[in-house]
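Following: one structure in C-alpha cells, then a few remarks.
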Amino acid sequence: MPYASLPGTVVRPTKTPPDAIDYEVKNGQKQGAGLRCLRPAIVIALSMLCAGCATSFKRTSEMHVGRYNLAPTYRNSCDFRQDGLIDLRYNWRTSHTRPVYVPRHAGRAIWKAAHVTGVSPLYLAATAARESNFKSGAAARTSSARGMFQFIEQTWLQAFARDGACLGMPSLARHIRRTRGGRYVVHSRRARRHILGLRYNTQLATFFAARLAQQNAKTLARHLGRRPTPGELYVAHFLGAKDAARMAALARRYPYDPAYREFRKAARANKPIFFRRGRPLSLGEVWYSLTKRHDRLKYVFT
C-alpha cells in the first residue's frame with residue numbers, strides 16, 4: 001500500500017511531494033545534504049539543531065498489514081477494491097498542527113478496512129476524529145447517528161443491504177427491503193434492532209465507512225468532473241454525495257447566502273455547523289469549516 005506506515009509513528013504517505021523530500025534550499029545549497037551518510041539518530045539530532053532548516057520528510061517503506069486482514073472468506077466472496085482506489089494526499093508541510101493520536105482499537109479497524117478496500121487510512125482516521133473522536137459508543141442527540149462514524153439509520157441499512165452478505169451475514173441482510181420511495185425498511189423488529197446495533201461495532205462501522213467513501217467518490221467525480229478532495233469526501237459523508245456536490249456548486253456561486261436555507265434538515269440536526277452564536281453562517285463559511293481541517297491534521301497510530 002503506497003500510503004502505509006508502521007503503527008506508533010506519524011503516518012506519512014509513501015510518495016511525498018517533490019518539494020518535501022529534501023531539506024529547504026538556502027543560498028543555492030541543500031541544508032544537511034552531507035548528513036545522509038551518518039547514522040539515522042545522528043541525522044535526526046543534527047537536523048533538529050540546524051537553524052532555519054525545514055523538517056525532512058523521508059520516504060517510508062511499504063508495510064505488509066497481513067496480520068490486520070479480514071477473514072479470507074471476505075476477500076473470496078467479494079472484491080471490494082474493484083471500485084477503484086482512493087489514494088488521498090495530505091499536506092504534510094503543516095507541521096505546526098497538533099498530532100491526533102488514534103486509539104489502538106480504532107487504528108486496527110482502520111488498517112483492516114484500508115487494506116481490504118483500498119481507501120486511505122488517513123481519510124478514515126480524519127473522518128472518525130471529526131465524527132466521534134474515535135468513540136465507538138458515540139450517539140447524537142439530534143439525529144439517529146450512532147457509532148464511531150455516526151451512521152444514520154438509512155445510510156447504515158443501505159450499506160448493510162449492499163455488503164452484509166459479503167461479510168458473512170446474509171440472513172440479516174435479507175431482512176432489509178427497499179421501498180419504491182427509496183427508503184430501506186426492516187419489518188422484523190428483532191432483526192432491525194440487531195442490525196442497527198451493529199453500528200457500535202468498530203470494525204464493521206469502519207469497513208462501511210470505507211465502502212461509503214468509494215461510492216461517494218464515484219458520485220462526486222460525476223458531478224464535479226474530477227477526483228474529489230479529502231474535504232469534499234468528508235462533506236459527502238456528512239451530507240450525502242448529492243448534497244455535497246450541490247453545496248460545492250452553491251458555495252462557489254453564492255458564497256454569502258445563508259447555508260441553512262438550502263440545507264434545512266442538516267441544519268436542524270447540526271446547529272453548531274450552520275450557526276455561530278445565533279448568527280447563520282454563509283455557504284462559504286460552512287463549506288470552509290467542513291473541509292479545512294480534514295487535510296491538515298497528523299495522525300499517530302498507537
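On the given criteria, is A251 in a helix (DSSP H, G or I), in contact (Cβ under 8 Å) with a residue 12 or more places away in the chain and over 23 Å from A145 (Cα atoms)?
Numbers: in a helix (DSSP H, G or I): yes; in contact (Cβ under 8 Å) with a residue 12 or more places away in the chain: yes; over 23 Å from A145 (Cα atoms): yes.
For A251, the condition - in a helix (DSSP H, G or I), in contact (Cβ under 8 Å) with a residue 12 or more places away in the chain and over 23 Å from A145 (Cα atoms) - is met.
Is it the case that R268 is of a type outside the set (S, T, N, Q) and either at positive phi or without any contact (Cβ under 8 Å) to a residue 24 or more places away in the chain (or both)? Quick ask: steps written out before the conclusion?
Details: of a type outside the set (S, T, N, Q): yes; either at positive phi or without any contact (Cβ under 8 Å) to a residue 24 or more places away in the chain (or both): no.
So R268 does not fit the description; no.
Out of all the residues in the range 105-140, which are in a helix (DSSP H, G or I), at pLDDT 90 or above and among the basic types (K, R)?
R108, K112
Counting only residues that are touching a strand residue (DSSP E or B) at 6+ places or on another chain (Cβ under 8 Å) and crowded, with 22+ Cβ neighbours inside 10 Å, which one in the range 228-273 is modelled with the lowest pLDDT?
Checking each candidate, the answer is L233.
So which of L212, L281, L220 is without any contact (Cβ under 8 Å) to a residue 24 or more places away in the chain and crowded, with 16+ Cβ neighbours inside 10 Å? First the steps, then the outcome.
Working: L212 fails: without any contact (Cβ under 8 Å) to a residue 24 or more places away in the chain; L220 fails: without any contact (Cβ under 8 Å) to a residue 24 or more places away in the chain.
Step by step, each of L212, L281, L220 is checked, and only L281 is without any contact (Cβ under 8 Å) to a residue 24 or more places away in the chain and crowded, with 16+ Cβ neighbours inside 10 Å.
The values are calculated or read from the model by the stated rules, or taken from the named source; none is laboratory data. None of the values given here were measured: they were computed from a predicted structure. Note that each Cβ is placed from the backbone with ideal geometry, even for glycine, and that neighbours are counted across all protein chains shown.
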